[in-house]
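The structure appears right after this line, and notes come after that.
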There are 2 protein chains.
Amino acid sequence: MTTAAFDESEYAQRRARVRQRMDETGFDLLICQDPANMHWLTGFDGWSFYTPQAVLFHRDDQFPVWFGRAQDALSAAMTTDLPDDNIVAFSEPLVHHPDRHPFDELCELIRQRGWSSASIGVELDAHYYTARAHRHLVDGLGGARIADNRELVNWARLVKSPAELSYMREAGRLATRVMERALERLRPGSPQKDIIAEVYHTQISGLDDRHGDYTSICPLIQVGNGTATPHLTWTSDALPDEGLVVMELAAARRHYHAPITRTAHIGTPPRDVAMLAETILEGRAAEPVGEGGAAALQAARPGVTCAEVEAVWQGVLNRHGYRKESRVGYSIGLGFPPDWGERTASLRPGENTVLEAGMCFHFQSGMWLERYGAAISESFVVTADGGERLCNVERALHVIT
Amino acid sequence: MTTAAFDESEYAQRRARVRQRMDETGFDLLICQDPANMHWLTGFDGWSFYTPQAVLFHRDDQFPVWFGRAQDALSAAMTTDLPDDNIVAFSEPLVHHPDRHPFDELCELIRQRGWSSASIGVELDAHYYTARAHRHLVDGLGGARIADNRELVNWARLVKSPAELSYMREAGRLATRVMERALERLRPGSPQKDIIAEVYHTQISGLDDRHGDYTSICPLIQVGNGTATPHLTWTSDALPDEGLVVMELAAARRHYHAPITRTAHIGTPPRDVAMLAETILEGRAAEPVGEGGAAALQAARPGVTCAEVEAVWQGVLNRHGYRKESRVGYSIGLGFPPDWGERTASLRPGENTVLEAGMCFHFQSGMWLERYGAAISESFVVTADGGERLCNVERALHVIT
């Protein structure tokens with residue numbers, strides 16, 4: 001086995017932090033189905049999140065309990081520090097059963113442990129926590145106190161430890177390489193698929209002897225009018241002789257993500273495109289002369305709110321006659337498909353979360369206008385000196401001639 | 001834009017088939033959040049399934065309605081045949097809002113269309129249909145008749161059209177190439193990550209000018225004791241000088257999947273490993289002499305039940321002293337992360353679904369024993385002559401010397 005991503009003390013600290021939040025919010029027991037929360041609490045790793053599974057954490061216990069499919073229980077034993085008694089498998093016939101559900105057995109487990117009268121916090125909006133799973137839990141524990149824990153563990157993940165930041169920086173270095181390779185391959189006539197094949201190869205090859213993991217969102221590429229929308233994927237089409245290309249790519253080290261977006265123009269960019277790109281750069285950059293003394297990243301210091309960072313950026317946009325409706329950034333870190341966002345703090349109006357050193361964000365400055373769009377984004381970590389970029393790709397509209 | 005994957009008449013037939021099932025089950029309106037169901041009904045394509053979105057289909061209407069994030073609405077316009085009025089965006093501030101939810105506006109849409117007294121079928125167990133989304137729907141439509149549609153659209157997808165089978169066969173050819181390249185690279189000392197980087201490159205490069213899509217499950221590789229569990233992913237570790245390697249890989253053409261699993265042994269395999277592999281091959285193969293006249297694939301003809309196919313396979317296993325608890329196969333086709341299974345018919349005891357020509361399955365014959373495992377799987381389409389394999393990789397325990 002590859003070395004565990006973190007040592008014992010890291011997990012102990014995480015659990016202590018979650019325990020404290022449980023005390024503050026009055027939960028005795030958490031049921032986590034978000035794969036990132038399961039991983040963060042235990043180290044559990046494996047592509048088994050397409051079946052019902054969960055990590056349970058009771059405030060009085062040292063270790064969480066892993067609950068999942070029998071064939072994945074050994075993955076739990078191999079990738080976590082949990083004692084054997086804390087790895088519990090459900091019966092195989094419950095998989096995709098029309099009437100019964102694995103959470104029927106989760107209810108039994110909860111009763112066996114004496115937790116059925118506990119105050120239980122579930123992740124009501126976690127991607128894989130389906131309405132049906134919840135129904136089986138509620139019906140199965142009849143009368144138990146079950147409430148939405150409102151992303152309690154996700155919020156506990158917001159400030160990264162030094163060990164986590166080290167993976168974030170590695171992810172940033174790898175994402176830099178990924179984006180640079182992709183940009184080098186943008187040529188008229190190149191099939192989109194060939195560029196993306198190279199992106200994947202670079203993502204996984206990693207940094208020397210350190211592998212890259214799958215990223216939570218696949219590589220995204222938009223061409224021409226397609227740049228007006230952000231989540232299209234590649235086709236077999238050849239790149240045109242002239243026009244915009246936007247790529248949102250990422251890299252992951254031990255499931256920690258650094259996403260980055262760049263915009264290229266094949267041929268001389270029209271005036272409006274160049275101006276949009278310049279505006280984005282001015283509003284977003286935090287670099288010495290030539291790259292602006294500006295703006296949002298420089299503002300991203302401990303003590304400042306998320307909304308304040310957004311306001312700096314929106315101010316620059318407005319000065320140039322633009323306006324961005326969607327949030328300009330969101331918290332990042334550990335992630336599993338389908339999203340590398342942590343579903344907690346967003347850089348947007350009304351968001352009063354106060355920045356602390358060690359928080360990480362994807363500053364997604366994408367502007368999707370009616371007929372085209374442009375995006376030049378950065379992943380950064382909050383430091384006393386402002387947002388420290390995790391990647392280092394040339395900050396410019398990439399002109400391909 | 002790349003040519004649409006299917007023409008108008010294909011979508012008309014799909015919608016007619018769903019309408020018929022709605023009549024049979026008494027639903028007036030379906031709300032589909034499964035990305036594969038959304039795609040199958042409309043062609044909608046894009047990695048936006050990490051935000052709440054849905055396709056609504058009313059039995060009296062010709063076209064479904066797409067509902068999603070504003071920045072993705074243009075993707076819907078670009079990838080579907082829906083009229084403009086049937087593409088509806090929710091307000092951006094609802095993304096990750098602690099109290100409001102995009103489905104609050106979905107409720108408004110349903111009321112505006114006059115559907116609030118309809119019999120509404122939701123996908124209660126679809127991966128991204130969260131308990132919170134359901135709660136907002138139920139509360140927002142107060143008193144509406146909302147019930148689980150029990151994978152109604154998934155079941156409608158079970159028998160593939162000729163156009164779909166053509167993509168399935170392309171996926172099979174591509175998966176063959178993917179697996180062969182991976183097997184060629186299995187050598188003592190090879191880092192796992194380098195093999196997987198090549199897998200991804202091959203998956204996306206596709207077949208000549210036809211791109212491959214991202215697969216719904218990432219490439220899986222297990223080594224040594226890790227072969228006793230099926231869902232581990234790659235590390236930076238070098239392959240050992242001796243031992244088992246299991247890889248479950250796939251390829252996707254226009255999101256149609258063909259998965260395949262092969263087992264290799266570096267060095268001469270111990271007797272027990274060789275015997276396990278032989279048993280799997282005997283129980284699974286449907287090939288002329290030398291490859292067995294056997295067994296499960298040959299049995300997979302129209303009119304036979306899923307359970308009967310499983311019984312053939314289990315019989316061979318039992319004769320050799322093995323027993324498989326987990327299902328031996330499941331329906332495949334169109335898929336998006338996190339699963340390429342359709343969540344409908346499984347090849348397992350008690351499953352009385354009757355096979356029809358055009359159904360496709362992944363015959364996952366993996367055996368995960370206490371200390372090691374082996375798997376030699378096939379994707380197949382049901383034909384009058386039995387299961388037609390979609391891939392064509394040597395059916396053997398791969399010995400690497």
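The values are calculated or read from the model by the stated rules, or taken from the named source; none is laboratory data. Not measured: the values here are computed from a predicted model. All accessible areas refer to the heavy atoms of the entire protein, side chains included, with ligands and DNA or RNA removed. Shrake-Rupley method; radii C 1.70, N 1.55, O 1.52, S 1.80 Å.
Results, tabulated for the structure shown:
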item	result
Percent of beta bridges antiparallel (DSSP, the protein assembly as shown, rounded to nearest 5)	75
Fraction of accessible area attributable to carbon and sulfur, region B:342-401 (%, probe 1.4 Å)	45
Per-residue HN-Hα couplings for region A:222-235 [Karplus 6.51, -1.76, 1.60; θ = phi - 60°; Hz; x = Gly/Pro]	10, 10, x, 4, x, 5, 6, 9, x, 10, 6, 10, 5, 10
Cα shape, region B:175-289, gyration tensor, a/c 1.5 rule	oblate
Most mobile listed residue (A:37, A:225, A:149) in chain A, GNM with C-alpha springs under 10 Å	A:225
Amide proton proximity set for residue B:329, modelled H, under 5 Å, gap of 5+	B:347, B:364
Span-rule helices in chain A, defined as complete DSSP H runs reaching 24 Å or more along the axis (Cα) with Kyte mean at least 1.6	none
Beta bridges by DSSP in chain A, antiparallel share as percent, to the nearest 5	75
Accessible surface, per residue, of region B:27-171 when the full set of protein chains is kept, probe 1.4 Å, Å²	31
Straight-distance crosslink candidates among lysines, where the alpha carbon sits under 27 Å from residue B:193 and sequence neighbours closer than 8 are dropped	A:160, A:193
GNM flexibility winner over chain A from A:16, A:54, A:374 (Cα, springs under 10 Å)	A:16
Carbon plus sulfur fraction of accessible area for region B:55-98, probe 1.4 Å, in percent	50
Long-range amide H partners of residue B:254 with built H, under 5 Å	B:213
Theoretical ellipticity at 222 nm over chain A - DSSP helices of four or more residues, -39500 (n - 2.57) apiece, nearest 500	-10000 deg cm²/dmol
